[in-house]
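Asker: My questions all concern the structure below.
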Amino acid sequence: METLNTYRAGPDDNGHFGIYGGRYVAETLMPLVLAVERAYTEARNDPAFAREMGYYFTHYVGRPSPLYLARRLTDHLGGATIYFKREDLNHTGAHKINNCIGQILLARRMGKTRIIAETGAGQHGVATATVCALFDIPCTVYMGTIDIERQAPNVYRMKMLGAEVRPVTAGSATLKDAMNEALRDWVANVEDTYYLIGTVAGPHPYPMMVRDFQSVIGDEVREQILEAEGRLPDTLLACIGGGSNALGLFYPFLDDSGVRMIAVEAAGEGIETGKHAASLSAGAPGVLHGNRTYLLQDADGQIDEAHSISAGLDYPGIGPEHAWLRDAERVECVSATDDEAVEAFHLCTRLEGIIPALEAAHAVAHVCTIAAALGRGNLLVLNMSGRGDKDLDTVAGLAGGTP
Amino acid sequence: MSVQTRIDRRFAALKREGRAGLIAFVTAGDPDAGTSREILSGLPGAGADLIELGMPFSDPMADGPAIQASSQRALKAGASLSATLAMVKDFRAADDDTPVILMGYYNPIYVYGVDAFLGDAKAAGVDGLIVVDMPPEEEDELCLPAIEAGVSFIFLTAPTTDDARLPRVLEHTSGFVYYVSITGITGTKSAAIGDVRAAVERLRRHTELPVAVGFGIKTPGQAAAVAAVADAAVVGSALVDTVADNLDEAGKPRPGLAAAVLALVGDLARGVRGARMKGAAQ
């Protein structure tokens, strides 16, 4: 593969990252999508917008989030020096709030008076409901009934925050179907409604915009690791469903050729079983939800259902920039199974006193796999993208899950 | 025009008759291949002037519950894009006049391969394509190759398509213009007829092409009202709802399912045909 001068130039004016991305939406939505793009282009060039975001990042989210040396996990694995980027310590307990702050401020600039969102694990739904409470804007969150069942604490949280949670029974009743319903809502409520997408997917400009809002993660890591170790990390590692926490960590380092990047997909019950959510590892290019990207699909182009113990990774697609970075071989794609993630969930909890979200536990699982081989002196940063309180019911429900 | 397409010929004939057309939408393979073929072959005789044949997709984002369910039924019964093309081919062997427009979403076409699909569609006798998630911004990918292959590409226009954007959408639309009369998904709310009239007049200021109006037209009365102001009325959800109403508890078609769908097409066609007669007599 030829090496590019920069991996940070995308997307082009039409939202393409190579063959990926784009704006594959119905005509009714197209003018809205173009309006979001215009508003975002204006906002990103407005220092007042950056100042406003910075204010809420510092005083509301609690940024910067710490970069924590996980000494006991490092000793236990006997190899790479492992740092956690503590996005789990953000207000609302995950990286999702970074993007929500950015988009709610944009929605306000656009004069929108109603917010809709989709959610899988409920972290994005909670973050959206939170910023809507903060700015007193009505909020409707679409969530698959399967996810409502396995993420009950987050459903309760959203309702307390004043959001309406609309259950989605169509299809597999998970994240993909919630996104379909949110798009249908948007088509029917074009005048007043802003669609606050939770990951680096959807039609342009969403993948770019969400990446920009999440890049605060990698920007902080760069400063923090230089401060702590005097050099850049050797390895970056993040779990990947839609891909917003991974891209937020990776993006600022894409042109640092010495930094290896690894994205960990959800292998569910094992890729060979067909019950997984590993679209980069086992999918093929296709068009869904407004963009071209890797999808889990059959030979007729029908979208397959994804499977993962982690609701946040249970999506048959992936952000288009990740698809491009995979083809360019800038980011390596690996996977961890449900069982490996649960084992890592317990290990991290017992060794570090940090209960990771099941999503982030996939990243921890892969660190367990490679830390020894990377060897001492390898500086590794893992994005601890969320906390696991929401997953206690799921884990307790497993055989042998009770402590 | 040197070579007229079936779509052009049909709209020219409607114009001579002084009436608007009925476009019937059904999903290919719903509720199963055999019944679906029976419905398709009966549509012209029942009064459908043009046929929109839905290409089933697992995630029809712009469709309401009725068409979502019809897609699911078809896929469950084994529908695929190649089966849809085979259906058109067989239909075309018996009917060389009624235009068939395939309607659906891009991913199955993309996975089939655009060039292979266009070649096979043309050979099967497909006249046009409506691909919901293919806006003019992505026209290089399917719209322009379709026109090159001799298949019309019909873009949707919506209430949100303003005068500044309309020329862009109309630039490569061929055959006719499809106006989505509501901001919403299929089979839900219906537009006020005054709004439809104003919208069609706006479109006619921008194009000479016939204007078809769809989304939210369910009854013969609504079809007649739209036919009085547009060149064609599209009815879809009401027809696939009739399919759903004629399934047994196991989801199998009851005897007379196809006849029930075609009877509704007949009622709709009478509504459409009656609409402009009054106007013509004035």
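Asker: Let me know the mean shielding of B:174-183 by other chains, meaning the per-residue number of their Cβ atoms within 10 Å of its Cβ.
Answerer: Neighbouring Cβ atoms belonging to other protein chains average 2 per residue here.
Asker: I'd like the accessible area for residue B:217, computed on protein heavy atoms only with a 1.4 Å probe and all protein chains in place. Round to 10 Å², please.
Answerer: Only protein atoms counted, so the area is about 10 Å².
Asker: Using Cα-Cα distances under 8 Å and only pairs 6 or more residues apart, what relative contact order does chain A have, in percent?
Answerer: So the answer I get is 21 percent.
Asker: A follow-up question, please. Using the charge dipole of chain B (Lys, Arg: +1 at Cβ; Asp, Glu: -1 at Cβ; taken about the Cα centre), state which of B:144, B:251, B:223 has its Cα farthest towards the positive end.
Answerer: Checked the options; the winner is B:223.
Asker: Dividing the alpha-carbon Rg of the stretch A:257-403 by 2.2 N^0.38 Å yields what?
Answerer: Here the Cα radius of gyration is 1.08 times the empirical estimate.
Asker: The stretch A:273-358: percent of C-alpha pairs farther apart than 21 Å?
Answerer: 38 percent
Asker: If you don't mind, another one. What pairs in B:89/B:189; A:275/B:252; A:176/A:275; B:15/B:89; A:112/A:159 have C-alpha atoms more than 24 Å from each other?
Answerer: Violating the 24 Å Cα-Cα cut-off are B:89/B:189; A:275/B:252; B:15/B:89.
Asker: Could you put A:85, B:76, B:89 in order of accessible surface area, largest first, with the 1.4 Å probe and the full protein assembly present?
Answerer: My answer, sorted largest first, is B:76, B:89, A:85.
Asker: Something else now. Using Cα pairs closer than 8 Å and at least 6 residues apart in sequence, work out the relative contact order for the stretch A:68-195, in percent.
Answerer: 23 percent
Asker: Under a Cβ-Cβ limit of 4.7 Å, which cysteines in the protein assembly as shown have nobody to pair with?
Answerer: A:100, A:239, A:333, A:348, A:368, B:143
Asker: Moving to a separate point now. Could you tell me what percent of the DSSP beta bridges with both partners in the stretch B:6-281 are antiparallel, to the nearest 5?
Answerer: Of those bridges, close to 5 percent are antiparallel.
Asker: Taking the dipole about the Cα centre of the protein assembly as shown, with the C-beta of Lys and Arg at +1 and of Asp and Glu at -1, give me whichever of B:67, A:5, A:374 is farthest to the positive side.
Answerer: Value computed over the given set: B:67.
Asker: Taking the Cα centre of chain B as origin, sum charge times position over the Cβ atoms of Lys and Arg (+1) and Asp and Glu (-1), and report the length of that vector in debye to the nearest 20. Don't skip to the end; give the middle numbers.
Answerer: Details: 26 positive and 35 negative charges, 230 e Å.
It comes to approximately 1100 debye.
Asker: Heavy-atom accessible area of residue A:83 with all protein chains present, probe 1.4 Å, nearest 10 Å²?
Answerer: 10 Å²
Asker: What is the set of long-range amide H partners of residue A:165 at a cut-off below 5 Å, with H atoms built 1.01 Å from backbone N?
Answerer: A:141
Asker: Hey, another quick one. If I model the stretch A:1-143 as equal point scatterers sitting on the Cα atoms and use the Debye formula, what is log10 I(q)/I(0) at q = 0.14, 0.19, 0.21 Å⁻¹?
Answerer: Those come out to -0.90, -1.25, -1.32, one per q.
Asker: Let's see if you can work this out: charge +1 on each Lys and Arg Cβ, -1 on each Asp and Glu Cβ, no other charges. What is the dipole magnitude of chain A about its Cα centre, in debye to the nearest 20?
Answerer: 960 debye
Asker: Binning at 20 angstrom from zero up to the longest distance, how are the C-alpha pair distances of chain A distributed in percent?
Answerer: Pairs per bin, as whole percents: 30, 62, 8.
Asker: Taking the Cα centre of the stretch A:101-193 as origin, work out the dipole magnitude from +1 charges on Lys and Arg Cβ and -1 charges on Asp and Glu Cβ, in debye rounded to 20.
Answerer: So the dipole magnitude of the stretch A:101-193 works out to roughly 200 debye.
Asker: Count, for each residue of A:282-290, the Cβ atoms from other chains sitting within 10 Å of its Cβ, then give me the mean as a whole number.
Answerer: Average neighbour count from other chains, rounded to a whole number: 4.
Asker: Compute the relative contact order of chain B as a whole-number percentage, counting only Cα pairs closer than 8 Å that sit 6 or more residues apart in sequence.
Answerer: Worked out over chain B, it gives 23 percent.
Asker: Also, quick follow-up: Sticking to Cα atoms, compute the Rg of the stretch B:17-175 to one decimal and its Dmax as the biggest Cα-Cα distance, whole number, in Å.
Answerer: Rg then Dmax for the stretch B:17-175, in Å: 15.3, 46.
Asker: Just reorder A:53, A:160 by solvent-accessible area, largest first, 1.4 Å probe, all chains present.
Answerer: A:160, A:53
Asker: Continuing with this model, one more query. Above 45 Å lies some portion of the pair distances; for the protein assembly as shown, what is it as a whole percent of all C-alpha pairs?
Answerer: 24 percent
Asker: A follow-up question, please. Put A:38, A:8, B:19, A:350 in order of accessible area, largest first, 1.4 Å probe: what do you get?
Answerer: Result of the area sort, largest leading: A:350, A:38, A:8, B:19.
Asker: So how exposed is residue A:69, as accessible area in Å² (1.4 Å probe, rounded to 10)?
Answerer: Here the residue's solvent-accessible area equals roughly 50 Å².
Asker: May I ask which residue of B:57, B:118, B:210 lies farthest towards the positive end of the charge dipole of chain B, with charges of +1 (Lys, Arg) and -1 (Asp, Glu) on Cβ and the Cα centre as origin?
Answerer: Highest projection toward the positive end goes to B:210.
Asker: Continuing with the same structure: Given chain A, what percent of its DSSP beta bridges are antiparallel, to the nearest 5? All intermediate terms of the calculation are to be shown ahead of the outcome.
Answerer: Values: 15 of 48 bridges.
Antiparallel bridges: around 30 percent, rounded to the nearest 5.
Asker: Using a/c under 1.5 as the rounded threshold, could you call the stretch A:133-185 rounded, prolate or oblate? The axes a ≥ b ≥ c are square roots of the C-alpha gyration tensor eigenvalues, and prolate needs a/b larger than b/c, oblate otherwise.
Answerer: oblate
Asker: Starting from the Kirkwood radius over alpha-carbon pairs of the stretch A:251-307, derive D by Stokes-Einstein at 37 °C in a medium of 0.692 mPa s and give it in µm² s⁻¹.
Answerer: Numbers: Rh = 12.9 Å.
Translational diffusion coefficient: 255 µm²/s.
Asker: What value, in deg cm²/dmol to 500, does the helix sum -39500 (n - 2.57) over DSSP H runs of n ≥ 4 give at 222 nm once divided by the residues of chain A?
Answerer: Values: 16 runs with 167 residues, N = 403.
Computed ellipticity for chain A at 222 nm equals -12500 deg cm²/dmol.
Asker: Now a separate question. Could you give the radius of gyration (one decimal) and Dmax (whole number) of the Cα atoms in chain B, in Å?
Answerer: 17.4, 53
Asker: So, one more: Would you mind giving the mean number of other chain beta-carbons within 10 Å of the Cβ of each residue in B:128-135, as a whole number?
Answerer: Average per residue, whole number: 5.
Asker: Sticking with this one: Span-like helices, chain A: DSSP H, alpha-carbon axial extent 15 Å or more, mean Kyte-Doolittle 1.0 or greater, which ones?
Answerer: On the way: long enough: A:30-44 (21 Å, 0.25); A:96-109 (20 Å, 0.11); A:123-135 (18 Å, 1.11); A:175-188 (20 Å, -0.30); A:216-229 (19 Å, -0.21); A:338-352 (21 Å, -0.35); A:358-374 (24 Å, 1.47).
Membrane-span-like by this criterion, though nothing is claimed about a membrane: A:123-135, A:358-374.
Asker: Can you tell me what share of the DSSP beta bridges in the protein assembly as shown is antiparallel? A percent to the nearest 5 is fine.
Answerer: For the protein assembly as shown, the DSSP antiparallel bridge percentage is about 20.
The values are calculated or read from the model by the stated rules, or taken from the named source; none is laboratory data. What you see is a predicted model, and the numbers here were worked out from it, not measured in a lab. Glycine also receives a Cβ, built like all others from the backbone with ideal geometry; neighbour counts cover every protein chain displayed. Ligands, DNA and RNA are excluded from the accessible area calculation, which covers all protein heavy atoms including side chains. Shrake-Rupley method; radii C 1.70, N 1.55, O 1.52, S 1.80 Å.
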